[in-house]
Each structure stands twice: as C-alpha cells, then as structure tokens.
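Presented below is the structure to which this report refers.
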Amino acid sequence: MSNSPAYKFKIGLITATIWNNDGFYSVDLTRAYKTQEGEWRNTTSFGHNDLLNVAKCAERAENWIAKHLATNT
C-alpha cells in the first residue's frame, strides 16, 4: 500500500481521497473550513449545505473506482 492516494479531487469545500489498499479501494470524504484564527482545517462532519457536494463526490469516486477496476481486470 502506498502512502499517497490513488486519486484526489474537490467539489467546493468537499474533498474525496481514494486509497488503493492492494486492489481494495476506500474513500475519505472531508470538508475544509477556516478557524477563527484563519487556519484551514478538515472535518468529516457535514452540514445541510454540504450534502449535495458530498453526494456528487461519492458518485464521482464510485465512477473512478469502477472505471479503474474495469481497465485492470
């Protein structure tokens, strides 16, 4: 297993990171936010306004994994 992601992309403040664990793929979804001190951080908690982009990221991640698996079979 590599320490770098197989693929990573953003939609708005939502980031999807796809990991390849010896042919088994997993996905981390995070939301960026700015602290009161102005520092950028990430969380796995999503508000109502984030959910459409979370769904789009999940769909895009599923499509990427499916296409990658199909080309490597």
Space enclosed by the convex hull of the alpha-carbon atoms of segment 7-71, per residue, Å³: 85 Å³
Amide proton proximity set for Ala6, modelled H, under 5 Å, gap of 5+: Ile18, Trp19, Asn20
Assigned charges on the beta-carbon of Lys, Arg, Asp, Glu; the chain dipole about Cα centre (debye): 180 debye
Inter-probe distance in nm under a simple model that places probes 7 Å from Cα toward Cβ, at Ala66 and Asn21: 2.2 nm
Sequence-separation-based contact order of the chain, relative, with Cα cut under 8 Å and 6+ spacing, percent: 24 percent
Under 20 Å from the Cα of Lys67 - aspartates and glutamates, other chains or at least 8 residues apart: Asp22, Asp28, Glu59
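Read-outs throughout are calculated quantities, based only on the coordinates presented, and are distinct from any laboratory measurement. Only a predicted model underlies this, so the values are computations on that prediction, with no experimental measurement involved. Cβ coordinates were reconstructed from backbone atoms using ideal geometry, including for glycine residues, and neighbour counts include every protein chain displayed.
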